[in-house]
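S.K.: To start, I am sharing the structure in question, which I have written as structure tokens.
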């Protein structure tokens with residue numbers, strides 16, 4: 001078998017090996033069915049069970065209350081950036097509040113502007129998006145259409161430690177890059193959405209958890225595929241859903257429940273991994289510089305710069321040779337970034353930390 | 001290995017076995033990369049090559065002219081039903097012409113109505129959508145925003161033998177269920193779109209072939225994911241595309257080029273398969289009744305009723321026992337339907353025809 005590397009990509013990202021192995025085993029024909037998951041009808045009993053189990057797994061993992069729908073959509077977080085304001089800003093006579101903690105929040109804001117009036121209630125630009133605001137820093141409008149946050153900024157590696165209090169205004173959250181990394185009080189959200197390709201599955205499916213009263217309020221004049229109400233009424237099979245991607249979400253959430261033991265346990269493992277990385281950065285006394293401020297640091301993405309930008313290239317090349325892939329940082333932050341999603345094993349992080357220590361010893365002035 | 005059945009599902013549908021086998025072999029890690037196709041970055045050189053080859057294969061198979069873009073989108077034909085009028089009807093001051101040859105054309109029309117004024121230029125309802133109009137029957141507006149057709153109606157099993165002449169008005173075509181079944185003069189279309197899950201790949205990717213002048217005309221005020229111009233400028237990786245589904249499109253089009261030998265050859269095989277089926281229906285002298293009128297019959301979907309609706313259940317059950325799956329017809333037509341897309345082997349059709357003859361002999365009054 002082809003040797004697998006430790007893939008620190010920000011997404012699409014590593015998936016749990018048992019999920020990949022089961023998908024591989026059954027790829028030509030699902031057991032007892034004789035048809036591949038790539039070929040099976042979305043109206044079949046087989047797929048009905050698969051999507052039902054994927055939803056049941058998510059409901060169990062996140063303790064999703066009964067008054068929330070779970071939708072499997074397409075188009076990634078980017079289509080949600082547009083759909084949220086199409087459904088709840090346009091024609092509402094209100095403004096929408098956006099909290100900007102990094103690159104993705106800014107993209108969400110841009111899309112909302114095509115649909116109505118927006119207010120930026122906090123912007124982390126002054127410190128290059130290295131932190132999350134305190135509650136008191138948010139200039140919230142009690143009559144806003146909604147408040148939008150990005151719970152984890154993949155590029156900057158900052159994450160809300162807990163959700164802000166938005167009172168009666170629905171909190172809408174892009175949780176693409178920290179979905180399922182820890183337990184979340186879903187009842188504090190109006191909409192919680194996430195593309196799958198970090199912690200939940202492959203690219204091609206977006207999970208939207210949305211409260212019933214918002215579902216009911218979606219306007220009638222939108223096309224069906226862009227209307228949360230119509231899509232929810234169609235139970236995510238309004239048209240042919242991305243069958244294979246939903247199947248992988250089922251396998252990944254099976255793994256979280258059965259092999260990991262739920263999100264409390266997953267959080268414990270994720271804390272262990274991220275602590276090892278920041279401890280390694282600290283031990284090198286300035287050779288590596290973390291981008292995110294303490295208290296705002298993401299469990300999922302660790303962005304750091306090396307003592308000199310000239311060291312980036314040898315660092316990345318030598319890491320690659322050791323089977324540590326995709327550590328290049330985003331140009332807006334520079335340096336390197338290790339994305340350590342749920343499926344990144346502790347051994348992967350330990351191998352990276354060992355390499356970072358040796359690289360530092362060798363190159364420290 | 002699990003035995004594979006002959007799957008006559010209208011879609012998702014059978015895929016070529018060599019494509020499934022290659023995907024299975026490499027599912028844990030792509031050769032020389034060490035990362036699964038389910039995990040690989042859409043910005044990687046590896047994926048850049050895959051999407052580039054998928055496009056090159058499509059351009060070669062369909063002889064797509066240079067002034068057309070090939071886009072890999074999400075949301076299925078249903079999202080195209082909305083995007084076409086969002087981009088080219090809304091705010092145009094014009095009306096759009098729709099030709100209704102079956103269920104999917106009617107759905108496309110419904111979505112367009114949310115965006116502007118539409119005209120039905122022909123409706124096959126009077127004969128329960130069993131035929132395609134002649135050119136002279138189309139009440140076309142020379143100043144229409146566009147003319148929309150459904151080249152193949154999956155449910156009714158009727159297919160345009162050739163595209164209508166729309167003069168200078170852009171012809172927009174939902175080719176979801178006959179894409180790649182035969183050569184097509186792309187230069188006669190403004191937009192040709194198709195979900196993948198019949199002839200091109202798994203559910204989760206939609207292929208849009210669109211002329212440059214239409215790309216350029218997309219309005220500026222639409223969200224990025226719903227704007228053909230922005231999406232084309234982003235070369236289908238505006239956001240994370242459905243990586244795995246695009247990869248399967250590459251493998252399926254590899255098969256069409258290398259193992260089948262192109263679309264002329266594919267058409268020859270498809271004609272052979274569909275002729276066998278209609279000959280079998282004819283040989284049974286009224287025991288089976290074809291839905292589609294001669295001259296309008298689809299190469300891909302053969303809808304037929306049995307002498308009595310009471311025979312449907314035993315027919316479907318006995319077929320299933322012989323490994324002939326998913327032959328149930330749609331309720332709007334009744335009876336049975338055999339979808340015989342590119343990947344259905346000739347042997348599958350022969351096995352079905354043998355079964356149909358035996359069933360007829362046994363149950364004929």
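Taken together, the values in this text are just the output of simple stated rules run on the coordinates, not laboratory data. All values reported here derive from a predicted model rather than from experimental measurement. With ideal geometry, Cβ positions are generated from the backbone for all residues, glycine too; neighbour counts draw on all protein chains shown.
S.K.: Using per-residue counts of other Cβ atoms within 10 Å, averaged over each peptide, order B:237-243, B:7-13 from highest down.
M.R.: B:7-13, B:237-243
S.K.: Counting only other chains, and only Cβ atoms inside 10 Å, what mean value do you get across the residues of A:235-248? Please list the in-between numbers first.
M.R.: On the way: counts 0, 0, 0, 2, 9, 12, 3, 11, 6, 10, 8, 2, 0, 2.
Mean shielding count: 5.
S.K.: Another question, if that's okay. Which distance in Å, rounded to a whole number, links the C-alpha centroids of region A:65-104 and region B:54-93?
M.R.: Each part's Cα centre sits 26 Å from the other's.
S.K.: Moving to a separate point now. Would you mind pulling out the separation of the Cα centroids of region A:138-163 and region B:332-361, in Å?
M.R.: If you average the Cα positions of each part, the centres end up 56 Å apart.
S.K.: Compute the normalised compactness of region A:182-326: alpha-carbon radius of gyration over 2.2 N^0.38 Å, N being the residue count.
M.R.: 1.40
S.K.: So in region B:135-195, what percent of DSSP beta bridges are antiparallel if you round to the nearest 5? Kindly include the intermediate steps, with their values, before the conclusion.
M.R.: Details: 2 of 9 bridges.
Of those bridges, close to 20 percent are antiparallel.
S.K.: Enter the mean number of other protein chain beta carbons within 10 Å of the beta carbon of each residue in B:3-15, as an integer.
M.R.: For this peptide, the per-residue mean of nearby foreign Cβ atoms is 5.
S.K.: Taking the label point as lying 7 angstrom from Cα along the Cα-to-Cβ axis, what are the distances from residue A:168 to the corresponding position in the remaining copies, in ascending order and in nanometres?
M.R.: Result for residue A:168, in nm, nearest copy first: 5.7.
S.K.: Still on this structure, I have one more. Shortest first, in nm, what separates the label point of residue A:363 from those of the same position in the other copies (7 Å along Cα→Cβ)?
M.R.: Taking the point 7 Å beyond Cα along Cα→Cβ, the inter-copy spacings are 7.3 nm.
S.K.: Would you list A:206, B:351, A:127 from fewest to most Cβ contacts within 10 Å?
M.R.: Fewest to most other Cβ atoms nearby, the residues stand as A:127, B:351, A:206.
S.K.: Still on this model: Sorted by packing (mean other beta-carbon atoms within 10 Å per residue), highest first, where do A:17-29, B:146-158 land?
M.R.: Ranked by mean Cβ neighbours within 10 Å, highest first: B:146-158, A:17-29.
S.K.: Can I ask one more? Between residue B:278 and residue B:45, what is the spin-label point distance in nm, taking each point 7 Å from the Cα along the Cα→C-beta axis?
M.R.: 5.1
S.K.: Then there is this: Semi-axes of the equivalent ellipsoid for region A:296-359, please: Cα gyration tensor eigenvalues, times 5, square-rooted, ordered largest first, whole Å.
M.R.: 18, 16, 10
S.K.: Given only helices, namely DSSP H runs of n ≥ 4 each adding -39500 (n - 2.57), what is the per-residue ellipticity at 222 nm of chain A, to the nearest 500 deg cm²/dmol?
M.R.: So the calculated ellipticity at 222 nm is -10500 deg cm²/dmol.
S.K.: Just report the Cα centroid separation between region A:220-259 and region B:1-37, whole Å.
M.R.: 22
S.K.: Here's something else I'd like to know. By DSSP, what percent of the beta bridges with both residues in the protein assembly as shown are antiparallel, rounded to the nearest 5?
M.R.: Details: 44 of 76 bridges.
Restricted to the protein assembly as shown, the bridges split so that about 60 percent are antiparallel.
S.K.: Express the C-alpha Rg of the protein assembly as shown as a ratio against the empirical globular expectation 2.2 N^0.38 Å, rounded to two decimals.
M.R.: Ratio of Rg to 2.2 N^0.38 Å for the protein assembly as shown: 0.98.
S.K.: To check you understand DSSP bridge types, tell me what percent of the beta bridges within region A:17-260 (both residues inside) are antiparallel, rounded to 5.
M.R.: Working: 13 of 27 bridges.
Counting only bridges with both partners in region A:17-260, antiparallel ones make up about 50 percent.
S.K.: Which whole number gives the average count of other chain Cβ atoms within 10 Å of the Cβ atoms across peptide A:72-83?
M.R.: 5
S.K.: Return the equivalent ellipsoid semi-axes of region A:252-341 as a descending list in whole Å, where each equals the square root of 5 times an eigenvalue of the C-alpha gyration tensor.
M.R.: Each semi-axis is √(5λ); the values are 27, 16, 11 Å.
S.K.: I'd like to know how region A:1-114 sits against the 2.2 N^0.38 Å rule of thumb: what's its Cα Rg over that expected value?
M.R.: Scaled against compact globular proteins, the figure is 1.45.
S.K.: For residue B:119 and residue B:66, compute 0.36 nm times the residue count separating them, minus their Cα-Cα distance, and round to one decimal in nm.
M.R.: 15.9 nm
S.K.: Sort the following peptides by mean Cβ neighbour count (other Cβ atoms within 10 Å, averaged over residues), highest first: B:78-91, A:213-226.
M.R.: Working: B:78-91: 23.8, A:213-226: 17.4.
By packing density, highest mean first, the sequence is B:78-91, A:213-226.
S.K.: While we're here: So which residue, out of A:281, A:207, A:35, gets the largest mean-square fluctuation from a GNM of chain A using Cα contacts under 10 Å as springs?
M.R.: Comparing A:281, A:207, A:35 in a Gaussian network model of chain A, the most mobile one is A:35.
S.K.: Express in % the proportion of alpha carbon pairs of chain B at distances exceeding 41 Å.
M.R.: Across chain B, Cα pairs with separations above 41 Å total 13 percent.
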